[in-house]
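K.L.:
So that we are looking at the same thing, I have put the structure below in structure tokens.
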Amino acid sequence: MSFAGADFDLPQAALMEWVRTAARAVTSYFGKCPISRASVRIVGVPGRSGVLAGRSFGHDGAMSRMAVGQHVTREELDRDWTMTHEMVHYAFPSVEDRHHWIEEGSATYVEPIARAQIGNLSPRQAWRDMVRDMPQGLPQPGDRGLDLTQTWGRTYWGGAIFCLLADVRIRERTNNAKGLEDALRAINRAGGTIDVDWPLERALALGDKATDGSVLMNLYTEMRDKPAPVDLPGLWKQLGIASDGKTIAFTNQAPLAAVRDAILPMS
């Protein structure tokens, strides 16, 4: 870890703990540290507060560059999602530009689950945020498939919708014996990390093999070159999740309530 730019109000130890917390979340989700070598460079931005931006790429392992306001507070670091999002990228291979949605979508989907697993985010908040934000990934008029429409919403939240659907379908088919995390772990443990270039089909095939099916490839076929609208309200109802944007409630009698709790239990 290294520092550059403006000096921070907080001691460097506080920023180092922020990075360690993100690493702990990602390690929890993937069952191990997803890459053998990684470095984080934290750049202080004068006169600003908060975590401003992050970018990760493969470079002799993984490298993240984080822009952080000089006046960032401990509370802002505790609430931050960006560092965990960037570290999730370490665990997936680099793919062609047209598949960028799987890199950003998987990081967008996994980040809140990973943080909730270690107590850095409440499960209730994680589900509320997903219900609020997932519609940003739905196809808009004129949009095509995920490989062909590379807008911000389709790349980040369209990719996250792909991951949510994959998680639900895998768990439905296996009666909750396996989920998307098993697929992503298998991809990572086969050497799929940010510093290697893979065809997307190779990664999806490995994930399908690990979950004893073909959910990932089938879903990719559905969504790669067609808009493939998703009935999100219907899916939330099936999962037993109801939210008005401010409050959230859970119904344990819903058909897929057990799937919901397998993805992210409330306790």
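The values are calculated or read from the model by the stated rules, or taken from the named source; none is laboratory data. Please read all numbers here as calculations on a predicted model, not as lab measurements. All Cβ positions, even for glycine, are placed from backbone atoms using ideal geometry, and neighbour counts span all protein chains on display.
K.L.:
Could you list, in sequence order, the residues of the stretch 150-204 that are assigned to a loop (DSSP other than H, G, I, E, B) and under 17 Å from the mean Cα position of the chain (by Cα)?
P.N.:
Across the stretch 150-204, the qualifying residues are Gly179, Gly192, Thr193, Ile194.
K.L.:
Which numbered condition in (1) more than 21 Å from the chain's Cα centre (by Cα); (2) polar (S, T, N, Q); (3) assigned to a helix (DSSP H, G or I) is the only one that Asn252 fails?
P.N.:
For Asn252, the failing item is (3).
K.L.:
Looking at Thr174, Thr151, Thr155, which one is over 21 Å from Phe57 (Cα atoms) and not assigned by TED's automatic domain parsing to the domain that holds Ala38?
P.N.:
Exactly one residue qualifies, and that residue is Thr174.
K.L.:
Which ones in the stretch 58-116 are in the same structural domain as Arg202 (by TED's automatic domain parsing), farther than 26 Å from Thr149 by Cα and in contact with a Leu (Cβ under 8 Å, 6 or more places away or on another chain)?
P.N.:
Matches in the stretch 58-116: Ile113, Arg115, Ala116.
K.L.:
Separate question: What are the residue pairs meeting all of these: first residue in the stretch 3-22, first residue farther than 26 Å from Val88 by Cα, second residue modelled with pLDDT of 95 or more, Cβ atoms under 6 Å, and 6 or more apart or on different chains?
P.N.:
Qualifying pairs under 6 Å: Ala6/Gly44; Ala6/Pro46; Ala6/Gln70; Asp9/His71.
K.L.:
Kindly check whether there is at least one residue in the stretch 200-218 that is closer than 25 Å to Lys32 by Cα, in contact with a strand residue (DSSP E or B) (Cβ under 9 Å, 6 or more places away or on another chain) and assigned by TED's automatic domain parsing to the domain that holds Val259.
P.N.:
No: the stretch 200-218 contains no residue that is closer than 25 Å to Lys32 by Cα, in contact with a strand residue (DSSP E or B) (Cβ under 9 Å, 6 or more places away or on another chain) and assigned by TED's automatic domain parsing to the domain that holds Val259.
K.L.:
Right, another one. Among the numbered criteria (1) in contact with a Ser or Thr (Cβ under 7 Å, 6 or more places away or on another chain); (2) within 23 Å of Ala116 (Cβ to Cβ); (3) surrounded by fewer than 14 Cβ atoms within 10 Å (Cβ to Cβ); (4) not hydrophobic (A, V, I, L, M, F, W, C), which single criterion is violated by Gly240?
P.N.:
Failed condition: (3).
K.L.:
Do the conditions hold for Gly192, that is, is it touching a Pro at 6+ places or on another chain (Cβ under 7 Å), closer than 19 Å to Ser28 by Cα and modelled with pLDDT of 95 or more?
P.N.:
yes
K.L.:
Considering Asp143, Asp208, which residue is modelled with pLDDT of 95 or more, in a loop (DSSP other than H, G, I, E, B), charged (D, E, K, R) and surrounded by fewer than 22 Cβ atoms within 10 Å (Cβ to Cβ)? Show your work before the answer.
P.N.:
Details: Asp208 fails: in a loop (DSSP other than H, G, I, E, B).
The match here is Asp143.
K.L.:
Name every residue in the stretch 146-188 that is surrounded by fewer than 16 Cβ atoms within 10 Å (Cβ to Cβ) and basic (Lys, Arg), in order of residue number.
P.N.:
Within the stretch 146-188, Arg173 is the sole residue that qualifies.
K.L.:
Still on this model: How many residues are surrounded by 14 or more Cβ atoms within 10 Å (Cβ to Cβ), part of a strand (DSSP E or B) and at pLDDT 95 or above when one looks only at the stretch 42-59?
P.N.:
Residues that pass the stated criteria total 8.
K.L.:
Can you name the residue in the stretch 80-110 that is of a type in the set (D, E, K, R) and either touching a strand residue (DSSP E or B) at 6+ places or on another chain (Cβ under 9 Å) or in contact (Cβ under 8 Å) with a residue 60 or more places away in the chain (or both) and, of all such residues, is farthest from Gly61 (Cα to Cα)? Before you say what the answer is, go through the steps one by one.
P.N.:
Going residue by residue through the stretch 80-110, those that are of a type in the set (D, E, K, R) are 80, 86, 96-98, 103-104.
Still in the running and either touching a strand residue (DSSP E or B) at 6+ places or on another chain (Cβ under 9 Å) or in contact (Cβ under 8 Å) with a residue 60 or more places away in the chain (or both): 80, 86, 96, 103.
Details: Asp80: 24, Glu86: 14, Glu96: 19, Glu103: 16 Å.
Top of the filtered list is Asp80.
K.L.:
Here is a follow-up. For the stretch 60-78, enumerate the residues that are surrounded by 13 or more Cβ atoms within 10 Å (Cβ to Cβ) and more than 14 Å from Leu15 (Cβ to Cβ).
P.N.:
Scanning the stretch 60-78 gives Gly61, Ala62, Met63.
Residues are listed down the side, and each one gets a yes or a no for (1) within 22 Å of Gln125 (Cβ to Cβ); (2) not acidic (Asp, Glu):
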| site | (1), (2) |
| --- | --- |
| Ser2 | no, yes |
| Ala22 | yes, yes |
| Ser36 | no, yes |
| Ser39 | no, yes |
| Ser56 | no, yes |
| Met63 | no, yes |
| Glu75 | yes, no |
| Tyr90 | no, yes |
| Ile102 | no, yes |
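K.L.:
Within the stretch 206-218, how many residues turn out to be under 23 Å from Arg154 (Cα atoms), out of contact with any Leu (no Cβ under 6 Å at 6 or more places or on another chain) and of a type outside the set (S, T, N, Q)?
P.N.:
So the count comes out to 1.
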